[in-house]
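The values are calculated or read from the model by the stated rules, or taken from the named source; none is laboratory data. Remember, predicted model here, so these are calculated numbers, not experimental data. All Cβ positions, glycine included, derive from the backbone under ideal geometry; neighbour counts span all protein chains shown. Side chains included, ligands, DNA and RNA excluded: accessible areas come from the protein's heavy atoms. Shrake-Rupley method; radii C 1.70, N 1.55, O 1.52, S 1.80 Å.
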Amino acid sequence: NAGVTQTPKFRVLKTGQSMTLLCAQDMNHEYMYWYRQDPGMGLRLIHYSVGEGTTAKGEVPDGYNVSRLKKQNFLLGLESAAPSQTSVYFCASRSTSNYNSPLHFGNGTRLTVT
Amino acid sequence: GENVEQHPSTLSVQEGDSAVIKCTYSDSASNYFPWYKQELGKGPQLIIDIRSNVGEKKDQRIAVTLNKTAKHFSLHITETQPEDSAVYFCAATSSFQKLVFGTGTRLLVSP
C-alpha cells in the first residue's frame, strides 16, 4: 500500500516549457487535491477533484490545468511555465466529502522554472 | 473566504520544554481544525484535530485547544523531543469545506 505517489520528485524547466505532474493513489479515495507550498505562504489549493471526470478551481488556479480521467490518478499540467511557478507541489487525497476525514499527502515535487 | 494566521513562524526550544503554536481564523462558520506535521522532504501528515463542539483534545504529549468566541486555536507539545523538530501547519475548514492552511511554524528542538 503505497498511499499517494507523486512523480517526478524534482524537475527543472525553462520559461515557456510545459510539463505534467502525476499523482497516483491506491486507497480508492474519491477526493484529490493539488497544493503548492511556498516559503511563508503555507499550502495553497490549486485545483481539486471530487470524483473521476470532475475538476474544480481552488485558490490559485491560474496557469495550471488538471485532469482526472481515472479515479486513482490526478494530473497537474503547466502549459507554459513561468518563474512564478517555482514551488513545491503536493498532491493529497481523502476518502469522502466529510470535512473531518484526514488528507493523505504525497511527498511532493520540487519544480524550478528558470 | 477563510483566512488562517499562524504564529510564530519559527520556534526554538530545549529538549524537554513545552512548545505552543497559535492560530487564528476569520470565518465563524469554520468547524474543523486539524494540525499537520511536515518532516523534511515529506508531505504533511495529520497529527491531531479538533471539532467545534470540543474545547480541548489530547493525544499523549500533544494537545489542541479551541476558543470559538475568540476564533483561535493552539497546539501544545509537552516534553519536546528532537524528533518533534518539523514544520507544523494549522488549518480550518472554509465555507466550501476545503481546508485553508496557516503559513507554518518551524519547530526546532535542541538536545
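For the reader, a short list of remarks on this structure follows.
- Sole residue being surrounded by 18 or more Cβ atoms within 10 Å (Cβ to Cβ), aromatic (Phe, Trp, Tyr) and under 27 Å from A:Ala56 (Cβ atoms), chosen from B:Tyr88, B:Tyr36: B:Tyr36
- Residue count for segment A:41-60, restricted to those that are part of a loop (DSSP other than H, G, I, E, B) and open to solvent by 40 Å² or more (accessible area, probe 1.4 Å): 7
- When A:Thr5, A:Thr20 are checked against the criterion of being open to solvent by 50 Å² or more (accessible area, probe 1.4 Å), part of a strand (DSSP E or B) and within 14 Å of chain B (Cβ to nearest Cβ), A:Thr5 stands alone in meeting it.
- Some residue of segment B:45-55 being in a strand (DSSP E or B), farther than 16 Å from A:His104 by Cα, within 13 Å of chain A (Cβ to nearest Cβ) and of a type in the set (Lys, Arg): yes
- Taking segment B:91-111 as the range and being closer than 21 Å to A:Arg94 by Cβ, of a type outside the set (S, T, N, Q) and open to solvent by less than 40 Å² (accessible area, probe 1.4 Å) as the test, the residues that pass are B:Ala91, B:Ala92, B:Lys98, B:Leu99, B:Val100, B:Phe101, B:Gly102, B:Gly104.
- Residue in segment B:7-22 that is within 13 Å of chain A (Cβ to nearest Cβ), β-branched (Val, Ile, Thr), open to solvent by 80 Å² or more (accessible area, probe 1.4 Å) and in a strand (DSSP E or B) present: yes
- Residue check, B:Glu56 free of Cβ contacts under 8 Å to residues at least 60 places away in the same chain, among the acidic types (Asp, Glu) and in contact with a strand residue (DSSP E or B) (Cβ under 6 Å, 6 or more places away or on another chain): yes
- In segment A:61-84, of all residues being surrounded by fewer than 16 Cβ atoms within 10 Å (Cβ to Cβ) and free of Cβ contacts under 8 Å to residues at least 40 places away in the same chain, the one that is nearest to the other protein chains (Cβ to nearest Cβ) corresponds to A:Asp62.
- Among the residues of segment B:54-85, those identified as acidic (Asp, Glu) and surrounded by fewer than 17 Cβ atoms within 10 Å (Cβ to Cβ) are B:Glu56, B:Asp59, B:Glu79, B:Glu83.
- Long-range neighbours under 7 Å by Cβ, at least six apart or interchain, first residue farther than 14 Å from B:Gln38 by Cβ within segment A:26-42, second open to solvent by 70 Å² or more (accessible area, probe 1.4 Å) and of a type in the set (S, T, N, Q): A:Asp26/A:Asn1; A:Asp26/A:Gln72
- Exclusive hit being surrounded by 16 or more Cβ atoms within 10 Å (Cβ to Cβ) and polar (S, T, N, Q), set A:Ser95, A:Ser87: A:Ser87
- Qualifying positions in segment A:13-45 - more than 17 Å from A:Ser101 (Cβ to Cβ) and under 9 Å from the mean Cα position of the chain (by Cα): A:Leu21, A:Leu22, A:Cys23, A:Trp34, A:Arg36
- Residues of segment A:27-40 classified as open to solvent by 10 Å² or more (accessible area, probe 1.4 Å) and either touching a strand residue (DSSP E or B) at 6+ places or on another chain (Cβ under 9 Å) or more than 16 Å from B:Gln6 (Cβ to Cβ) (or both), total: 8
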